[in-house]
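Written out below as structure tokens is the structure these notes cover.
Taken together, the values in this text are just the output of simple stated rules run on the coordinates, not laboratory data. These figures come from a predicted structure and were not determined experimentally. Counting neighbours? That spans all protein chains shown, and the Cβs are built from the backbone with ideal geometry, glycine included.
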Amino acid sequence: MRVPITGATRLAAVIGSPVRHSLSPALHNAAFEAGGLDWRFVALEVAPGGGADAVAAMRTLGIGGFAVTMPHKSDVAAAIDEIDPAAAALDSVNTVVLRNDGSTFGASTDGAGFVDWVEACGVEVVGRRVVVLGAGGAGRAIVDSLGRAGAGDIAIVNRTDAAAVAAASLAEAARVGSLDDLGAADLLVNATSVGMGSDDSPVDRRFLRPDLTVADIVYHPRETRLQREDADAGAATIDGLGMLVHQAVRQQQLWTGIRPDPAVLRTAAERELAARS
Ligand code: ATR
């Protein structure tokens, strides 16, 4: 049920640049509506360098929650009152809550959302050997959260020394790895952008086998070449849309105190992506 907009309606927003392509309004508004919550969600274009001003404006305007995307995640981490351990480790905030006392709290929900999704797919993380391809924003968040969730070994593979920086500063179980680590791995995570909008795969199919689960964070196309080839090899695959959905579930719970139904967000994301294709 969509609650009518009144003087009591709360506002949440994603700040970023560029932000007009964001799926967040579709996901969050669908969940607000399904839950009968008196909230609305919009996208606000905030120019690079404007993250701290946006947090100040949030306080002035009483905006209940921010989702934060590129290029503001680090600036916002420095501009708020308190941040959660993942956000502190990553120096990156993707969620801001304006508390009733006017103070701000920031979190990083990307990595935790990824782990939520993997576990929702029936894949255990505790004690598992994981290879993470990529050490950018998403890869770092995933490594951090896999460590917090108890992964036994996290081999980070990247074409630059970003892998070494991530291994040294994030999870204790993390180390620099290579594709050779795939031989003993339980889970392969593609956290690079390889395969986004293309039919490329970051891994040759000869590395894929039935007992290697693949999680790809890419969700455009909906089934990537990596997922397709892993399914052909007889393995379980985990798609990228679930990470987007589950990190948004955590955001909304932080803003409203109520955990929305992930299925509602997923349906909204699928509908929005289908409308764009
Ligand atoms: P995001 O926030 O989505 O993680 P990002 O921070 O730009 O985006 O990170 C993209 C990741 O994909 C990086 O690990 C990047 O590797 P580099 O650090 O070496 O740039 C990786 N990546 C992008 N294109 C790649 C390619 N063609 N081959 C291998 N890795 C690639």
Exercise for the section: Give a residue-ordered list of calculated ³J(HN,Hα) values for the range 14-19 (Karplus: 6.51 cos²θ - 1.76 cosθ + 1.60, θ = phi - 60°; whole Hz; x for Gly, Pro). Expected result: 9, 10, x, 7, x, 10
Practice task
Give me the angle, in degrees from 0 to 90, between the Cα long axis of helix 110-120 and the longest principal axis of the Cα atoms of the chain, rounded to the nearest 10.
Solution key: 60 degrees
Problem - Sequence-separation-based contact order of the chain, relative, with Cα cut under 8 Å and 6+ spacing, percent - result: 16 percent
Handout entry: P(r), alpha carbons of the range 15-128 - 5 Å bins starting at zero, rounded %
Key = 2, 11, 19, 21, 21, 14, 7, 4, 1, 0
Completion exercise
Of Leu179, Leu133, Leu61, the most mobile residue in a GNM of the chain (C-alpha springs, cutoff 10 Å) is Leu61
Handout entry: Helix-derived mean residue ellipticity, 222 nm - over the chain, DSSP H n ≥ 4, -39500 (n - 2.57), to 500
Key = -11500 deg cm²/dmol
Exercise for the section: Evaluate the distance, in nm, between pseudo-label points positioned 7 Å from the Cα of Ser193 and of Asp211 along their respective Cα→Cβ axes. Expected result: 3.7 nm
Practice task
Name the residue, out of Gly127, Gly139, Gly111, whose mean-square fluctuation peaks in a Gaussian network model built on the chain with Cα pairs under 10 Å.
Solution key: Gly127
Handout entry: For the range 225-247 and the range 160-209, distance of Cα centres in Å
Key = 14 Å
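Relative contact order, percent, of the range 151-191 when contacts are C-alpha pairs under 8 Å separated by at least 6 residues?
On the way: 37 pairs, mean separation 16.3, N = 41.
Across the range 151-191, relative contact order equals 40 percent.
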Problem - Cα pair distances in the chain, grouped into 5 Å bins until the bin that holds the longest one, percent each - result: 1, 6, 13, 17, 18, 16, 13, 9, 5, 2, 1, 0
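If we count every other residue with Cβ under 12 angstrom of Arg129's Cβ, Lys/Arg +1 and Asp/Glu -1, where does the sum land? Walk me through the numbers before you get to the answer.
On the way: positive: Arg128, Arg175; negative: Glu124, Asp153, Asp181, Asp186, Asp211.
Every neighbour counted, the sum reads -3.
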Exercise for the section: State the extension gain, in nm to one decimal, for the chain segment bounded by Arg59 and Glu124, taking 0.36 nm per residue of separation less the distance between their alpha-carbons. Expected result: 19.4 nm
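Just need the relative contact order of the range 186-257 here, percent rounded to a whole number, with Cα pairs under 8 Å and 6+ apart. Present the calculation step by step, with values, prior to reporting the outcome.
Values: 121 pairs, mean separation 21.5, N = 72.
Averaging sequence separation for qualifying contacts and normalising by length gives 30 percent for the range 186-257.
Can you figure out the FRET efficiency of Ile5 with Glu172, using R₀ = 41 Å and their beta-carbon distance, to the nearest 0.05?
Values: r = 48 Å, r/R0 = 1.17.
After rounding, the FRET efficiency stands at 0.30.
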Practice task
Taking the Cα centre of the chain as origin, work out the dipole magnitude from +1 charges on Lys and Arg Cβ and -1 charges on Asp and Glu Cβ, in debye rounded to 20.
Solution key: 580 debye
Problem - Base-10 log of normalised Debye intensity for the range 220-277 (one unit scatterer per alpha-carbon) at q = 0.16, 0.19, 0.27, 0.31 Å⁻¹ - result: -0.61, -0.76, -1.04, -1.15
Problem - Cut-off under 5 Å, modelled amide H: who pairs with Ala151 long-range - result: Gly127
Fill in the blank from the handout: Under a Gaussian network model of the chain whose springs join Cα atoms within less than 10 Å, the largest fluctuation of Pro71, Pro25, Pro48 belongs to Pro48
Practice task
May I ask which residue of Val125, Ala78, Gly16 lies farthest towards the positive end of the charge dipole of the range 2-133, with charges of +1 (Lys, Arg) and -1 (Asp, Glu) on Cβ and the Cα centre as origin?
Solution key: Gly16
